[in-house]
Amino acid sequence: MKRKTVILILLIFAFADYALSQSGAGLGSISGVVLDASRAAVPSASVVVANEAKGIRRNLETNSQGVFTAPALIPAEGYSVSVNKSGFATYQATAVTLAVGQNIDLHIDLVVAGTEASVEVTAEAVLVDDTKTDVSQLVNSRQILELPINGRRVDSFVLLTPAVVPDGAFGLLSFRGIGGHNAFLTDGNDTTNTFYNENAGRTRITSPISQEAVQEFQVISNNYAAEYGQAMGGVVNTITKSGSNDIHGTAYWFFRNRSLNARDRYASFNPQDIRHQAGASLSGAFIKDKLFYFWNYEATRRDFPAIATQTSANLFTAAGTLDTARNPCPNPTATIQATGAQCQTAIQMLTTRNFGTVSRTVQQDLGFGKIDYHLSDRNSLSFSLSGLRWVSPHGIQATGIVFSNGNAIGNNADSTVRDTYGRAQWTAIVSPRVVNEARFGWFKDRLHDTASPDFLYPGLGLASLTVNSTGNLGVANSYPRLNPSETRFEYADNVSWNTGAHTMKFGIDITHTEDYHVQLINRYGSYSYATLNNFALDFSGNTAGLKNWSTYSQAFGNPLVDFNLQTYGFYGQDRFRINPDVVLNFGLRYDYTSIPQPSVVNPDYPQTGVIHSATDNVAPRAGISYRLNSKTVARAGYGMFFARYQSGLINRLFANNGAYRKNITYNSGTPEQLAAGAVYPNYLQSTSFNPPAGTVDITFADKNLRNPYTHQANIALEREITANIDFSISYLWGRGVRLYGVRDLNVGPLGPPITYTILDRAGNVAGTYTTPTYRTRVDPRYRRVNQLENPGLSHYDGLAVQVNKRYSRGFQASVSYTWSHAIDFNQPTGDPNVFYDSGPTSYENGNFRAEKGSSANDIRHRAAISLVWSPTFNATNSPLARHLINNWQLSEITTLQSSRPVTATTAVSVFAFPGALVVGSLNGCGCSSRVPFQPISNLDLDRIYRFDARLSKKVPFTERVTGYLTFEAFNIFNRQYNTSRRTDEYSLSGTTLSYIPSYGTGSSTATSPDGTNARRAQVSLRAVF
């Protein structure tokens, strides 16, 4: 395989003197074929592609096929294309708007001179791109500025496009049912946080870039070209604004408070929510046609306290009161009964500390600047720099208002984010047929979180606490942390070469990424108690130093992990115009990441010293586009797409090998382990001790571990319905391969079965369940020996329908509908999809196929409808018409979505039977806690019917200065929907599974960016000149 890889790389370089990856990812192109009246090619015609406002002029000539191409153009309005050939009338196309990633393909029929002096057209007539073969959509500047947007985070507009759904409630995105593994680009450069595989700064920050600084962005959801890599999900490419020869500026202020906000359905009151977002931008030219600038600054100040509560089905009722019927204290059946005073002290802590209002504020400052310098018609330079500072006391939990799981106190801290991004780009026109683009990028994403003393409580110490499977009752002991400080240097170089009927691209992208991570999770210990009575015994009056916990865990070792990833991407692709109506796109991409090896190896398991660097990430891609007539195009395509190595996963493989760090878990049922454990609320101080056998967990990668990847295919038909309306229908297919999963190699053969009695809601026997058990360990020196593997598969089938009405006569609209079905092996979403450090991911150890079912991101129906309407009620230009009757604008976004599924779980807070290996599952494996006799994804979460609207009044102050007064409301009809439900269906006592009455009830409406989907409203003032 290595020999084949070397040959592939040499072949790529043999084709080009230059290199390219993500080539043109921040640019666009204009091409065309010039024919005469007999549809014969017109060679050697003079072609000029120009944009006066941007100082751009390209002089080209058609080749023997009549083809011309102007690659690497800045996305902008105002392009013109003129064609001259002796004996023919001049062709002139004006008002050409070029979008990011777009190739505008013009079919030009020249007429004989004398018939007409010139032919003038507007390129707005070009609705159907007959050269693209991917499934993508552009979100343009009008949509970005004029549609209602909550929190001014522009990447939320990605959900207007097909085959994209929310990945949970925290603002993440899922393409084609795949959790994560997306790529986020800014002007073509990689600005993905590779530790979590999210956008820069993650979703807790207000926004990584101001809405005001974004010109447009491109969302590619299926079968993207070979120039894009490092993703098997989707690609989101954000394009920033540039200056022009005219001076433009804006100043704006957005404000909201709780006056028009609706109360969250799980809140007993409507907490304060005050937010100010203000900023300004300025653009123009230092030197006309030569040196352009754009600048923006934006500040956000927010005061939004959180509501802390606990409604766990095991310890608390759904109303947030202690469930004393299921948690008696004193417990008359306990071996040792707590005293009334001990019970009262424990109950007092649980019912006071975990409830109430938690102060929370945000200060974010965001700046962006860009310089474009046109040295000549053949060379141009571009430089940009952005910086972000986000500070939030008690802001780790920023994406919720009501926290019913204890996160507001028991898993919260102070948070700081600092992002910096710089870019330098040189575009050189080597010849009329060859264009080279070189880019350098610098990216810094620093997330630093510190523990807050505000969450301490007398007697709790610094330990985490779980009582009867209810967590977050103690102190969040994962802090302080630098999580992480990620630095990336990127160099990309590309060449585009137009020869005959071929437009070829070749290139390379080299990135050097350092992840500097400081965190020792669970450094202060975690206590788990089976009952409230047992916790009360240890919490107060424990003068004898007794230990009544069920399990005690703690981490020891070095908190610092620092490593570098070197990634190389190579590709070549060709757009081959077979004839004027048929275009074939094909390409090949290869990515290689050099992974450093762990510096500390566990001698008991040499596998802990090896993380495989895959060498087989060869990704062919092909597509064909057939122009049926001037208004209809058919497309088809196929490709392979490899995910990048997530550095958060590599971090865990470095650290959790039992030598670099020790993660120990003591079981009170083993006298030696009980004696070695701590007395609540203390933690073990020694870092060099040898823990008892069978208490340490280790994790390492399978020797055959590879990058996950997807096969993607699409068939599409696009039709221009009218001069301004475009319709498309696409079938999307995807198959995920080599998805991650975890197997515990320390689990021995299956033991004798055990039978459980199942009780229904009324307490009657509804049946029994018999399962084989896990009772023996292969290596008694360790508790878990987790091996990360590639056992997972996923399947996706989708039908996407889009209707786009571009802006004309004061109206623009877009409708996107997707039907889909996503199936996988119960793959996790969010953070668990990064780290894989919590043990086996299947109910039966290693039986991954038994987990097959509808994906957690399976949303069968999703429709997004948006429109912008600027009516003219009075055709006159009188002051009354300008200031009162006219200049109104209404815009809206409607979201209709079927429910995503969740899976029922069991609450097993003790060892299921004598001899069970690990707490948490009925078979003693401590694997997945799902209910094994229920289907995967058996519970619906909630449907979404949401309507966001904006009403804006334009106020012309002078000829050059215009004001806008805007009112926006989100979820205007207050159709709240659950984003989580109580999934614990049964609790275990002895061999009896008792139905939990609160199973399936809603527990949260937490939704990014407000922390709730209850109605929110804001007003804004904006001045434009």
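Quick notes on this structure:
- Per this entry, GLN337 is counted among residues that are closer than 18 Å to ALA530 by Cβ and in the same structural domain as ASP303 (by TED's automatic domain parsing).
- Selected residue [without any contact (Cβ under 8 Å) to a residue 40 or more places away in the chain and closer than 21 Å to ASN656 by Cβ] from VAL778, VAL765, VAL696: VAL778
- Of all the residues in the range 120-143, those that are closer than 17 Å to ALA95 by Cβ and either hydroxyl-bearing (Ser, Thr, Tyr) or at pLDDT below 60 (or both) number 6.
- Breaking point among (1) part of a strand (DSSP E or B); (2) touching a Pro at 6+ places or on another chain (Cβ under 9 Å), for THR894: (2)
- Flag if ASN483 is over 30 Å from ARG439 (Cα atoms) and polar (S, T, N, Q): no
- When ARG39 is tested against the conditions (1) outside any strand (DSSP E or B); (2) modelled with pLDDT of 90 or more, the lone failure is (2).
- Only one of THR487, THR503 that is assigned by TED's automatic domain parsing to the domain that holds TYR660, modelled with pLDDT of 95 or more, touching a Lys or Arg at 6+ places or on another chain (Cβ under 7 Å) and not basic (Lys, Arg): THR487
- Selection from the range 654-694 of residues that are in a loop (DSSP other than H, G, I, E, B), farther than 22 Å from LEU462 by Cβ and touching a helix residue (DSSP H, G or I) at 6+ places or on another chain (Cβ under 9 Å): ASN657, GLY658, ALA659, TYR660, PRO692, ALA693, GLY694
- Screening GLY406, GLY400, GLY387, GLY356 for residues that are closer than 30 Å to GLN211 by Cα and modelled with pLDDT of 90 or more leaves exactly one candidate, GLY387.
- Only one entry in ASN579, ASN585, ASN602, ASN617 is free of Cβ contacts under 8 Å to residues at least 24 places away in the same chain, at negative phi and out of contact with any Pro (no Cβ under 8 Å at 6 or more places or on another chain), namely ASN579.
- Within the range 620-644, the set of residues being of a type in the set (A, V, I, L, M) and surrounded by fewer than 22 Cβ atoms within 10 Å (Cβ to Cβ) comprises ALA622, ILE624, LEU628, ALA634, ALA636, MET640.
- Filtered by the rule that a residue be modelled with pLDDT under 95 and assigned to a strand (DSSP E or B), the range 996-1025 gives GLY1002, SER1003, SER1004.
- The range 926-968, subset of a type in the set (A, V, I, L, M, F, W, C) and over 32 Å from the mean Cα position of the chain (by Cα), residue modelled with the lowest pLDDT: PHE957
- Pairs where the first residue, in the range 85-98, is at positive phi and the second is not in a strand (DSSP E or B), C-beta under 7 Å, 6+ apart: ALA95/ALA123; ALA95/GLU124
- Contacts under 8 angstrom Cβ, first residue in the range 317-332 being part of a loop (DSSP other than H, G, I, E, B), partner of a type in the set (Lys, Arg), 6 or more apart: ALA318/ARG982
Results for (1) under 25 Å from SER550 (Cα atoms); (2) surrounded by fewer than 14 Cβ atoms within 10 Å (Cβ to Cβ); (3) among the basic types (Lys, Arg); (4) not assigned by TED's automatic domain parsing to the domain that holds ALA428, shown as yes or no for each residue.
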| site | (1), (2), (3), (4) |
| --- | --- |
| PHE292 | no, no, no, no |
| ALA306 | no, no, no, no |
| ALA319 | no, yes, no, no |
| MET349 | yes, no, no, no |
| GLN363 | no, no, no, no |
| GLY367 | no, no, no, no |
| LYS370 | no, no, yes, no |
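Residue by residue, here is whether (1) surrounded by 18 or more Cβ atoms within 10 Å (Cβ to Cβ); (2) closer than 30 Å to SER141 by Cβ; (3) modelled with pLDDT under 95; (4) touching a Gly at 6+ places or on another chain (Cβ under 9 Å) holds:
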{"position": "HIS821", "(1), (2), (3), (4)": "no, no, no, yes"}
{"position": "ASN826", "(1), (2), (3), (4)": "yes, no, yes, yes"}
{"position": "PRO840", "(1), (2), (3), (4)": "yes, no, yes, yes"}
{"position": "ILE865", "(1), (2), (3), (4)": "no, yes, no, no"}
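- Taking the range 695-780 as the region of interest, the strands (runs of 3 or more DSSP E) fully inside it that hold 2 or more residues being surrounded by fewer than 22 Cβ atoms within 10 Å (Cβ to Cβ) and in the same structural domain as ALA850 (by TED's automatic domain parsing) are 709-720, 725-744, 750-759, 765-774.
- In the range 717-734, the condition of being in contact with a helix residue (DSSP H, G or I) (Cβ under 8 Å, 6 or more places away or on another chain), under 30 Å from LEU588 (Cβ atoms) and touching a residue at least 40 places away in the same chain (Cβ under 8 Å) is met by no residue.
- The set of residues in the range 931-990 that are of a type in the set (A, V, I, L, M, F, W, C), out of contact with any strand residue (DSSP E or B) (no Cβ under 6 Å at 6 or more places or on another chain) and either not in a loop (DSSP other than H, G, I, E, B) or not assigned by TED's automatic domain parsing to the domain that holds PHE157 (or both) contains only LEU988.
- Of note, PRO871 does not satisfy the criterion of being in contact (Cβ under 8 Å) with a residue 60 or more places away in the chain, loosely packed, with under 15 Cβ neighbours inside 10 Å and within 30 Å of the chain's Cα centre (by Cα).
- Selection of first residues in the range 440-452 that are closer than 19 Å to ASP509 by Cβ and touching a residue at least 12 places away in the same chain (Cβ under 8 Å) and of second residues that are assigned to a loop (DSSP other than H, G, I, E, B) and of a type in the set (Gly, Ala, Ser), restricted to Cβ pairs under 6 Å at least 6 apart or on distinct chains, gives the following pairs, ordered by first then second residue: ASP445/ALA200.
- Index of the failed condition, PHE286 passing every other in (1) without any contact (Cβ under 8 Å) to a residue 24 or more places away in the chain; (2) assigned to a strand (DSSP E or B); (3) closer than 18 Å to ASP1010 by Cβ: (3)
The values are calculated or read from the model by the stated rules, or taken from the named source; none is laboratory data. Quantities reported herein were computed from a predicted structural model and do not represent experimental measurements. Positions of Cβ are generated from backbone atoms using ideal geometry, with glycine treated the same way; all protein chains shown enter the neighbour counts.
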